[in-house]
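Read-outs throughout are calculated quantities, based only on the coordinates presented, and are distinct from any laboratory measurement. Here the structure is a predicted model, which means the values were calculated and not measured. Here the Cβ positions follow ideal geometry from the backbone for every residue, glycine too, while neighbour counts run over all protein chains shown.
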Amino acid sequence: MKIGFYPRLAADGIRKNRRMYLPFFLTCTGMVMMFYIIMYLGAGNVLDPMPGAATLRQMFALGSWVIAVFSAIFLFYTNSFLIRRRKKEFGLYNILGMGKRNIARILFWETGIVAVLSVTLGLIAGIAFSKFAELGLVNIMQGEVTYDFSVSWTAVIRSVQVFGVIFLLLLLNSVRQVRFASAISLLRSENAGEKPPRGNWLFGLLGVALLAGAYLLAATIQNPVAALMVFFLAVIMVIVGTYLLMISGSVLFCRLLQKKKNYYYRPNHFVSVSSLVYRMKRNGAGLASICVLATMVLVIISSTACLYFGEEDAIRSRYPRDINLEFQFDKLSDFSDEHTALLQNGILEELNGRGITPENACFYRCANLYGVVRGNTVEIDESLISEADVINSSYLFYFVSLSDYNAMMGTEETLNDGEALLCSYRTDFDSDVISFSNGESFRIKKKVHALTGSSNTAMDMLTSLMLVVPDLENSLEGIERIADFYGDRLLRMHWICIFDTGLDPDAQIALYQELSGVLTDPSCKERLGYTGVYISSQEFERDDFYGMFGCLFYLGIILSLVFLLAAVLIIYYKQISEGYEDQARFDIMQKVGMTKRDIRKSINSQLLTVFFLPLALAAVHICFAFPIVRKLLLMFNLSNVRLFAATTGISLAVFALFYTIVYRLTGNAYYKIVSDAREGR
């Protein structure tokens, strides 16, 4: 046999099936390009001058592995369409005397040609567009632009390694399918019908139950930490439930349509419904895959866009004033008016000495305690708290004195001994009494608003309750003495001082650095009587917020593009493969009088009957995911519900428009295949 016979045969097979291979090749190229760009941004020196560079590198490393794993799964899925299309050709080769080993050589060269070309062109495209990607990242993160061009050889080598392994696995899987199939089964592979899956009602009900359970978890979860733990469980339940519902539901739906005679026995409905029944398993799996990808795109892009466009809200929530000081004390007696007045005067002297008059200043005493709520009782003994309690029922309790609350809020509230005002954050507490396990108990007089300018609740991941008590020292005397296993007191005591400066950003950062040096000095601690201090500046922390949220938004865009590309390819292969399968049916229908106009109506009926179900179900998924994703956004100090609702709505509308356009274009490809069946004969 001549040298080059198998490569020429492989190249000829790719050329003849270019309608199937070209989208697969372009997708592989795009995946390689995306992977290189993410690796280039994470492994290169692009992130070096940016704040939080180490964290950003970890985020990009995670993003690169997400793309790698998804590429492997998705390319296996799409490669099944190619093999299904080629099996008839391989069966013919086998009947004509070509052995399975020879067919494996053809597959080797076909896979090698696609791998080399897609990886090479993907790396070229990745290198070419890497600078644009870098400029886009720097612009989003508001960094400094540089125009030096470089190539990351680490990213090149890693891209070749990852996709080399993926194509090797694709080759082994293709060879396996051909090796264990007879020549007859290969020839009939395209025309093999599928039996309806057994237990349709059972699988359908199980899918509905899983989705209902996931929706219930998403709608009822209150604790952001618990939401993080439950989120992944809910995602798995939604994915499995979607596949079960789509596969079984499509079967039941088509059967119901067939029983509806005035609908089924119409030219535009008869062919479309019959075609759906014929391939109900693959049809349901394909629709479920599109639905899952659509939901992933909507969740990722809406949440990351909300973080990016709401970063100012998050910064102001976490750092309510230009300068935020939190002084720590060892004992409740340090909360006396004389002691806090001494500390306040010391801060004002430092500021006045620099010619600064504080604006919008807030001063208040605060004690906080961790505990687990059981009914109206708070368990604070750590030895009696289980891991499940920590996830589901853990709270942070803040205690504020009545005098400070009235001063900050401009109110004239009054309390008797044993009474308290209650403010809940990220949760509800309906009991009239709250009791602590050590014996301390407070009767809730009424619920009030949270302290203006308080950043404590915003920075905490747990749900929290704030209790306004008549006097901190007397009200918390019993709790103060409780210590943990190591002897550390459970009650933390702070004096909060926050204010605006009226300075420009650079001057604010300079003041922050000066105060950090002064207030952390041991002599200052001894003079003003505090044990520690936490200092934060809105302007100093702004770059970190912009960097983290910008990086998340950028990764969200990249991953959304990858998932969109996958959804488009699934839709395309679904239409093309089904078009080839339906050629013979439409040919027969044209012979008995069906016109091309009737074919177009039948295709439109098929689109409207089933193919928009993934979009509708994805919209339902995103609506029920809204509460749990909103809880997760609280962990990033973002509580702007209207902004998240707006980004979700816009994302859904844009995706629906894009989805409609893609289906229209691929529907035209399907129409061309089935309507030209007679001309092609």
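Brief remarks follow.
- Likely footprinting exposure, 65, 201, 495, fewest C-beta neighbours within 10 Å first: 201, 65, 495
- For region 623-637, putting each phi into the Karplus relation 6.51 cos²θ - 1.76 cosθ + 1.60 with θ = phi - 60° gives couplings of 5, 6, 6, 3, x, 6, 5, 4, 5, 5, 5, 4, 5, 9, 6 Hz, in residue order, rounded to whole numbers and with x for Gly and Pro.
- Sorting 543, 330, 430 from the fewest to the most surrounding beta carbons within 10 angstrom yields 430, 330, 543.
- Subset of 16/88; 16/574; 331/447; 331/525 violating a 23 Å alpha-carbon distance limit: 331/447
- Amide H within-cut-off set for residue 413, under 5 Å, with H built and near neighbours excluded: none
- Nitroxide proxy distance, nm - points 7 Å out along Cα→Cβ at residue 157 and residue 360: 5.2 nm
- Chain lengthening between residue 477 and residue 18 when straightened (0.36 nm per residue, less Cα-Cα): 157.3 nm
- Two-site FRET efficiency, residue 665 against residue 88, from Cβ-Cβ distance with R₀ of 25 Å, rounded to 0.05: 0.40
- For region 298-314, 3J(HN,Hα) computed residue by residue from phi via the Karplus equation (6.51, -1.76, 1.60; θ = phi - 60°) reads 5, 5, 5, 6, 5, 6, 5, 5, 4, 4, 5, 7, x, 5, 5, 4, 5 Hz, glycine and proline entered as x.
- In nm, spacing of pseudo-spin labels at residue 65 and residue 149 (7 Å Cα→C-beta vector): 3.4 nm
- Exposure proxy for 332, 47: other Cβ atoms within 10 Å of each Cβ, ordered fewest to most, give 332, 47.
- Descending by average beta-carbon neighbour count within 10 Å, the peptides 554-564, 405-415, 369-379 line up as 554-564, 369-379, 405-415, the highest first.
- Positive minus negative residues near residue 218 (Lys, Arg vs Asp, Glu; Cβ under 12 Å): +2
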